[in-house]
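> Following this message is one structure expressed as structure tokens.
The values are calculated or read from the model by the stated rules, or taken from the named source; none is laboratory data. These numbers come from a predicted model, not from an experiment. As a convention, Cβ positions derive from the backbone with ideal geometry for all residues, glycine included, and neighbour counts pool all protein chains shown.
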Amino acid sequence: MKYVLLTLISAMLLSISWPTYGVPFFIFFALVPLLMMEHGVSKFSGYNRKSWVVFGLSYLCFVIWNIVTTGWLYGSKNPDGSHSMMAVVFPVLVNSFLYSLVFQCYHWYKNAQGTYWGLGFLIAIWMSFEKFHMSWELTWPWLNLGNVFSEYPKFVQWYDTLGATGGSFWILVINVLIFYTVRTWEAGRKRKDLIKNTSIVTALIILPMIISFVKYNNFNEKPIGQVNVLMLQPDLDPYGEKYSKDSLTILTDLLDLAEKNSKGKIDYYIAPETALPGRGSISETAFEKSYLLNNIKGFLSKHPGSVFNTGISSHRFFTTNKNLPVEAYQLNQGLWVESFNSAIQIVPNKKVEVYHKGKLVPGVEIFPYMNVLKPLLGNAMLNLGGTVASLGTDKERVAFSNPYNKGKIAPIICYESIYGEFVGDYVKKGANFLGIMTNDSWWGVTEGHKQLLSYAKLRAIETRREIVRAANSGISAHIDAKGEVTADTFYEDKTTLFAKVNLYDQQTFYTRAGDLLSRFSIFALGFLLFYFLIKRFQNRIQKKKA
């Protein structure tokens, strides 16, 4: 029961640390009870299968953490309106398994190499896992530790140097040092060592926060210009209304919303993810002939000097299977199609610019590892409420330039806003402010849309770019370059939000270097594994000689 209790304490501390309801400072010792559980089972218990006990208890911890923090996934619905258990069960069980596997690797390495080497290995493998979890096709970095301070931007202004992955490293180091402090006290009861270790831990917690406060209060980067942005929030039900209304009615409602709230000069109108066309999608080869898009150009002709950015569903047709994209699927004999979740910029008398979402939601927008799994699973993903096809993506980010001013918007689509280094690539392409087009209506009034908005604050700090966020049902928001929300809307309101957005052109160290600590951790992980194998090889040679 002692080990179960320690496990439950870690689960509770991890859970109550999380945004947007929690207090993040518990995260600094949230893993300590779990580490104490592992140490107790490994060194002092009489279990025959200690590794299974460690895995089982760590899995219990991570399952609870995942349920509490991402259980809002249950709010998503099947096409018939019922809630989908698989929408929450699959990600919770798989994500918990992956975290438990990371912890299990630490357990094995620690028992083989000793506690000190093991603790270094834990930091390296956890950081490497977080980086991996942002890169593969089952990507789900929602619970990366550095995200935990998203509601407290004043404490993490140094993310402009090391990013949210630097926050993960910070948290892991503090947890390891607190565990080390507890263990040395239990082993020796030396007050001098306790004072020294406690002082080091305290300094490592407080100093980055002091640096952050100094950065926050002394932020004085000069903008190169300013643009007026009107964010459109149409509040279109994503399950029924979006597909029952005809496309022209949806567009008319959207433009009416824009017209009624256009007070003064508007440089940018920004609509949410897949705001158009409703049912179906728009052919990219016929953008210039599209009735819907030409209606928007007609609207812009009444507002000279304005551009319109919106999310759309789009597609491309192919009449031959030569050089066919992997994501394309056959409609009928001699006709293939590739579909996209896209962002476009519309300017009168100019060709429509398009960007295709690069980070897709697993099981919803992408069939993970389709070439391998589809022959094995068939339509299983569809039966679980997912997709048996994958949307196409753009391999590089883009920035849409405004021909009337200095504005260069990053057309970030929903899920992409979780990824720090990925968003930095928009800035490298010249974006001087970030535009997030999102539809958070799938989960209803839950923590889901609040957390996604909260994580966007970290992107503002990392890149030192202001953010305008147009959401279908809310929360639309304007976030300044220090990660503070300066204005926002209510969820489920049909409304607009106006913002005067400062444009910045300097690149932060994090934008240039990306997830540097993650790459160092991957290198350290390789070194630790290589060191282990070399030592094992040397021990075998010595045994043979003996």
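> Can you run down the residue pairs with Cβ atoms below 9 Å, 6 or more apart or on separate chains, where the first is in the stretch 523-546 and on the phi < 0 side of the Ramachandran plot and at pLDDT below 85 and the partner is outside any helix (DSSP H, G or I) and hydroxyl-bearing (Ser, Thr, Tyr)?
Close Cβ pairs satisfying both conditions: none exist.
> May I pose another question? Just wondering, is there one or more residues in the stretch 146-163 that are assigned to a helix (DSSP H, G or I), within 15 Å of residue 24 (Cβ to Cβ) and either assigned by TED's automatic domain parsing to the domain that holds residue 459 or of a type in the set (Val, Ile, Thr) (or both)? Break it down stepwise before answering.
First pass over the stretch 146-163, keeping only residues assigned to a helix (DSSP H, G or I): 146-149, 153-155, 159-163.
After this cut, where a residue has to be within 15 Å of residue 24 (Cβ to Cβ) as well, the list is 146-149, 153-155, 159.
When the remaining residues are screened for being either assigned by TED's automatic domain parsing to the domain that holds residue 459 or of a type in the set (Val, Ile, Thr) (or both), the result is 148.
Within the stretch 146-163, one or more residues are assigned to a helix (DSSP H, G or I), within 15 Å of residue 24 (Cβ to Cβ) and either assigned by TED's automatic domain parsing to the domain that holds residue 459 or of a type in the set (Val, Ile, Thr) (or both).
> Could you list, in sequence order, the residues of the stretch 23-71 that are hydroxyl-bearing (Ser, Thr, Tyr), surrounded by fewer than 16 Cβ atoms within 10 Å (Cβ to Cβ) and over 14 Å from residue 7 (Cβ atoms)?
Quick first cut of the stretch 23-71, residues hydroxyl-bearing (Ser, Thr, Tyr) only: 42, 45, 47, 51, 58-59, 69-70.
Still in the list and also surrounded by fewer than 16 Cβ atoms within 10 Å (Cβ to Cβ): 45, 47, 51.
Matches in the stretch 23-71: 47, 51.
> To continue, here is another question. Select, from 450, 457, the only residue that is under 12 Å from the mean Cα position of the chain (by Cα), at pLDDT 95 or above and outside any loop (DSSP other than H, G, I, E, B).
Values: 450 fails: under 12 Å from the mean Cα position of the chain (by Cα).
It is 457.
> Would you check which residues across the stretch 83-142 are in a loop (DSSP other than H, G, I, E, B) and either crowded, with 16+ Cβ neighbours inside 10 Å or under 25 Å from the mean Cα position of the chain (by Cα) (or both) and list them? It would help to see each step written out before you state the result.
Quick first cut of the stretch 83-142, residues in a loop (DSSP other than H, G, I, E, B) only: 84-85, 114, 134-140.
Residues satisfying the conditions are 84, 85, 134, 135, 136, 137, 138, 139, 140.
> Quick one: would you say residue 239 is of a type in the set (Ser, Thr, Tyr) and buried (at least 21 other Cβ atoms within 10 Å of the Cβ)?
On the way: of a type in the set (Ser, Thr, Tyr): yes; buried (at least 21 other Cβ atoms within 10 Å of the Cβ): no.
No.
> Hey, any hits in the stretch 512-520 for a residue that's under 27 Å from residue 102 (Cα atoms) and more than 19 Å from the chain's Cα centre (by Cα)? Walk me through how you get there before you give the answer.
Restricting attention to the stretch 512-520, the residues satisfying the condition of being under 27 Å from residue 102 (Cα atoms) are 513-520.
Those left that are additionally more than 19 Å from the chain's Cα centre (by Cα): 520.
Yes: one or more hits.
> What's the total number of residues in the stretch 95-124 that are modelled with pLDDT of 95 or more, farther than 20 Å from residue 514 by Cβ and among the β-branched types (Val, Ile, Thr)?
Result for the stretch 95-124: 1.
> Between 470, 481, which is closer than 17 Å to residue 157 by Cα and either buried (at least 21 other Cβ atoms within 10 Å of the Cβ) or of a type in the set (A, V, I, L, M) (or both)? I'd like the intermediate steps shown before the answer.
Values: 470 fails: closer than 17 Å to residue 157 by Cα.
Being closer than 17 Å to residue 157 by Cα and either buried (at least 21 other Cβ atoms within 10 Å of the Cβ) or of a type in the set (A, V, I, L, M) (or both) holds for just one of 470, 481, which is 481.
> Scanning the stretch 425-447 for residues that are assigned to a strand (DSSP E or B) and in contact with a helix residue (DSSP H, G or I) (Cβ under 6 Å, 6 or more places away or on another chain), which turns out farthest from residue 226 (Cα to Cα)?
Kept after step one, since they are assigned to a strand (DSSP E or B), are these residues of the stretch 425-447: 433-438.
With in contact with a helix residue (DSSP H, G or I) (Cβ under 6 Å, 6 or more places away or on another chain) added as a condition, the list becomes 436, 438.
Numbers: 436: 18, 438: 23 Å.
Taking the candidates together, the pick is 438.
> Within the stretch 412-424, can one find any residue that is assigned to a loop (DSSP other than H, G, I, E, B) and either β-branched (Val, Ile, Thr) or in contact with a helix residue (DSSP H, G or I) (Cβ under 9 Å, 6 or more places away or on another chain) (or both)? Explain how you work it out, then say what you get.
Step one: of the stretch 412-424, the residues assigned to a loop (DSSP other than H, G, I, E, B) are 419.
Now restrict to residues that are either β-branched (Val, Ile, Thr) or in contact with a helix residue (DSSP H, G or I) (Cβ under 9 Å, 6 or more places away or on another chain) (or both): 419.
Scanning the stretch 412-424, I find at least one residue that is assigned to a loop (DSSP other than H, G, I, E, B) and either β-branched (Val, Ile, Thr) or in contact with a helix residue (DSSP H, G or I) (Cβ under 9 Å, 6 or more places away or on another chain) (or both), so the answer is yes.
> Let me ask another. Condition test on residue 166, is it surrounded by fewer than 17 Cβ atoms within 10 Å (Cβ to Cβ) and either within 24 Å of residue 120 (Cα to Cα) or touching a Gly at 6+ places or on another chain (Cβ under 9 Å) (or both)?
Numbers: surrounded by fewer than 17 Cβ atoms within 10 Å (Cβ to Cβ): no; either within 24 Å of residue 120 (Cα to Cα) or touching a Gly at 6+ places or on another chain (Cβ under 9 Å) (or both): yes.
When the stated conditions are applied, residue 166 does not pass them.
> Can you tell me which residue among 305, 298, 280 is of a type in the set (Gly, Ala, Ser), closer than 29 Å to residue 77 by Cβ and not in a strand (DSSP E or B)?
On the way: 305 fails: closer than 29 Å to residue 77 by Cβ; 298 fails: closer than 29 Å to residue 77 by Cβ.
The conditions single out 280.
> Would you tally the residues in the stretch 199-233 being assigned to a helix (DSSP H, G or I) and either modelled with pLDDT under 95 or small (Gly, Ala, Ser) (or both)?
We begin by selecting, within the stretch 199-233, every residue assigned to a helix (DSSP H, G or I); these are 199-217.
Keeping just the survivors that are either modelled with pLDDT under 95 or small (Gly, Ala, Ser) (or both) gives 199, 203, 212.
Total satisfying the criteria: 3.
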